[in-house]
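Single-structure report; data block below.
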Amino acid sequence: MKVALSQAVDWYVRLNDSQVSDAQRAAWQAWLSEDPRHAEAWARLENLRQRFDQAPQGLAAMTLENARHSRRRALKTLAVLLGVGLVGWQGYQASPWSADYVTRIGERRRVTLADGSRLDLNTDTRVNVRFDAGQRLIHLLHGEILVQTAKDARPLSVQTAEGRILALGTRFSVRQVGALTRVTVEEHMVEIRPRLAEAQRVRVEAGQTCDFTNGRIGALQPAQASASAWTRGMLVAVDWRLDDLLAELSRHRFGYLGCTPEVAALRLSGAFDLNDSEAALASLEDALPIRVQRMTRYWIRLEARTV
């Protein structure tokens, strides 16, 4: 994987050069499609870039942007970031690629914690767990989890970059979505406490979902009944936009999966196997006036079907 990451950094610098040619882009696509490890390495690099998009402007300027000007500097800077991790702006002092429990893209995992609580990890998720005599803390670094709490005198809470969710004898999911946290409760209730506004405390009950940032809690909304279908390897959509569906499917596979603006607002309902995105794409092509355009197996775009 180290070789693939090094090659991904090299390609990143080439593609961000103002003199990049069509032949170089074609060569990159060939490299991306020839080995799944290449796609995984590129996905890691893209994830890193997205994380810097959320970082303070000065920090990002000292890393990825400056790295573009020198291949040697890029290889050194990005290799350190990919191997050692980001430190700082979200308060995490650990590598984003290591944690107590980890899933890769397309992987899901279920673990039983020391207290008997059950933890489901969705695709591309990293979690640290810290239990002591006074508390049970689950630290969600990235991704999405479903928690089924076990009875214990110690309080159980989930910490994210935006704040803390206190479980009140419950089953609930927590997901990092950009610069916000999304909480969905299936049983009983939880209490949300934003990191920068702990005086704001809102209880979310069974059947409700809520987004919050580090300083504000959004409105309570009805939860989708099948929100945790991913734990059974399924994605259930009810009157979804096509672009929203593809965004969810793309979380479970390497590479790019998207659509053109003219078909983005098409609506659909259905149940899709997260372990077989190709079957999902075939179903979409049958049900909607679209066609699937494949540049490589890792670059797929849905377009309007022409007569």
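Okay, residues lined up against (1) loosely packed, with under 14 Cβ neighbours inside 10 Å; (2) under 28 Å from residue 45 (Cβ atoms):
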{"position": "238", "(1), (2)": "yes, no"}
{"position": "249", "(1), (2)": "no, yes"}
{"position": "253", "(1), (2)": "no, yes"}
{"position": "268", "(1), (2)": "no, no"}
{"position": "298", "(1), (2)": "no, yes"}
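Based on this model, can you work out whether residue 202 counts as within 20 Å of residue 118 (Cα to Cα) and either at pLDDT below 95 or touching a strand residue (DSSP E or B) at 6+ places or on another chain (Cβ under 7 Å) (or both)? No: the conditions fail for residue 202. For the range 114-149, a residue qualifies if it is farther than 15 Å from residue 176 by Cα, open to solvent by 10 Å² or more (accessible area, probe 1.4 Å) and aliphatic (A, V, I, L, M), and the qualifying residues are 114, 129, 133, 137. Considering the range 167-180, the residues that are part of a strand (DSSP E or B) and touching a residue at least 40 places away in the same chain (Cβ under 8 Å) include one that is least open to solvent (accessible area, probe 1.4 Å), namely 173.
Residues that are assigned to a strand (DSSP E or B), of a type outside the set (Val, Ile, Thr) and either modelled with pLDDT under 95 or crowded, with 18+ Cβ neighbours inside 10 Å (or both) within the range 189-199 comprise 193, 194, listed in sequence order.
Taking the range 80-112 as the range and being farther than 29 Å from residue 255 by Cβ and at pLDDT 95 or above as the test, only 112 passes. Has the range 287-305 got any residue that is among the aliphatic types (A, V, I, L, M) and closer than 21 Å to residue 121 by Cβ? Scanning the range 287-305, I find no residue that is among the aliphatic types (A, V, I, L, M) and closer than 21 Å to residue 121 by Cβ, so the answer is no. Of all the residues in the range 173-211, those that are farther than 25 Å from residue 108 by Cβ and touching a Pro at 6+ places or on another chain (Cβ under 8 Å) number 1.
The values are calculated or read from the model by the stated rules, or taken from the named source; none is laboratory data. Every value quoted in this text rests on a predicted model; they were computed, and no experiment measured them. Cβ coordinates were reconstructed from backbone atoms using ideal geometry, including for glycine residues, and neighbour counts include every protein chain displayed. Each accessible area value is taken on the protein alone, full model and side chains, heavy atoms only, with ligands, DNA and RNA left out. Shrake-Rupley method; radii C 1.70, N 1.55, O 1.52, S 1.80 Å.
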